[in-house]
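To keep things clear, I will list the structure first and then write my remarks on it.
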Amino acid sequence: MVSTEHEVPLELIRDSPSLVTRFLSELGVDPPKHTSLRVDSSALNETKVTEHHCDSVVLLLDGDKVVMAVIVEVQLRFEKDKVYDWFPYVANLWARRRCPTTLVVYAPDRKTARRYTAPIPIGHPGLTLTPLVIGPDAVPMITDPQVARESPELAVLSGAVHGDHNRDVLEAVVHALNAIEPSKTVVYVEYVAKRLSEAAKRELETLMTMIEPERHSIVAVTNYAAGQAETFRKMLLFTAEHRGFVLTAEMRAQIAECTDPDKLEVWAQRAISVERLEDIFR
């Protein structure tokens, strides 16, 4: 089950594909001459025999010609088996698009980013895949309000990575949110806030009350998350009852006390198909 922390970076890239070329440059890779960028299908194979779905694909085009394909993967934690997916991703997209193909891994946790930089030997002589990893150090620190308004998606990522100890970064986030479609503001604020300390959250809330307070409020974000949690809580209880599961008092307390909408959504989804009640909470 994917989470907000996994999906928001992908949404930011869908809104602003130029983030990919910015990150390539940060890693010392010069993108080829191109006139436009386009987010492509993440399905990497033509047949249904074995499904290969990466998180996202961005194409660099020179006119109508695809001159580079970039696979984007978001990794919140290290998964040792994930590396076995990546060579098929690259090979399938390279064969389909017939152009230089690269793999970019966004890992906001420094330790996770470091582990994924290791080369992946395929076995054939000379064939090794080395992921291009975007860790915290590769995300620019955006502190200029004007830059934040011009590149709001980058400023949101900057806030999530660098905002914990830098007031100017948080202020830039607020200015960036003013340039983002209002319907996405709540999700993006929630994403940044999840990665901040309590002190930094309070600082962000203070800044938001100073800049367009009627539009931005962590209180609104908290209410939104609470509403999501209650929806999934009701869905979980209804599904469990409908399937004949008898929840113990301890289980009911666990559900009632959980305020994380992502976790409650996972439990609600599991309740649909698990054979044993205890597997809902595994």
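What follows draws every value from the coordinates through simple rules; no lab data is involved. Worth saying up front: this structure is predicted, and the values here are computed from it rather than measured. Ideal geometry is used to build each Cβ from the backbone, glycine not excepted, and the neighbour counts take in all protein chains shown.
Between their Cα atoms, which of Lys65/Lys184; Lys82/Lys111; Lys194/Lys263 are more than 22 Å away from each other? Present the calculation step by step, with values, prior to reporting the outcome.
Values: Lys65/Lys184 32 Å; Lys82/Lys111 16 Å; Lys194/Lys263 14 Å.
As for pairs spanning more than 22 Å Cα to Cα, those are Lys65/Lys184.
Could you tell me which helices of the chain pass both thresholds, a Cα extent of 24 Å or more along their own axis and a mean Kyte-Doolittle hydropathy of at least -1.0, with helices taken as whole DSSP H runs? The partial results should precede the final answer.
Numbers: long enough: 218-242 (36 Å, 0.30).
Qualifying helices, which must be both long enough and hydrophobic enough, are 218-242.
Any chance you could run the full-extension gain for Leu277 through Glu230? It's 0.36 nm times the residue separation minus the Cα-Cα distance, nm to one decimal. The partial results should precede the final answer.
Numbers: separation 47, 0.36 × 47 = 16.92 nm, distance 2.04 nm.
Answer, rounded to one decimal: 14.9 nm.
Please identify every one of the GluC sites (Glu not before Pro) in the range 245-282 that sits in a loop by DSSP and has no more than 14 other beta carbons within 10 Å of its own beta carbon.
Values: sites: Glu250, Glu257, Glu265, Glu275, Glu278; in loops: Glu275.
Answer by residue number: Glu275.
Given the range 77-179 reduced to its alpha-carbon atoms as identical point scatterers, what log10 I(q)/I(0) does the Debye formula return at q = 0.09, 0.14 Å⁻¹?
Per q value, in the given order, log10 I(q)/I(0) is -0.33, -0.67.
What does the extension gain come out to for Leu61 and Thr209, with contour length at 0.36 nm per residue minus their alpha carbon separation?
Computed gain between Leu61 and Thr209 is 49.1 nm.
Using a 10 Å cut-off on Cβ atoms, rank the peptides 33-41, 175-183 from the highest mean neighbour count down. Kindly include the intermediate steps, with their values, before the conclusion.
On the way: 33-41: 13.9, 175-183: 16.4.
With the highest mean Cβ count within 10 Å placed first, the list reads 175-183, 33-41.
State the extension gain, in nm to one decimal, for the chain segment bounded by Arg202 and Phe87, taking 0.36 nm per residue of separation less the distance between their alpha-carbons. Please report the intermediate quantities before stating the final value.
On the way: separation 115, 0.36 × 115 = 41.40 nm, distance 4.31 nm.
Length difference between fully extended and current span is 37.1 nm.
How many angstrom lie between the Cα centre of the range 77-122 and the Cα centre of the range 25-43?
Result: 16 Å between the Cα centres.
Assuming a ≥ b ≥ c are the square roots of the Cα gyration tensor eigenvalues, decide whether the range 106-149 counts as rounded (a/c under 1.5), prolate (otherwise, with a/b larger than b/c) or oblate.
Working: a/c = 6.05, a/b = 2.83, b/c = 2.14.
Prolate is the answer for the range 106-149, as a/c is 1.5 or above and a/b outweighs b/c.
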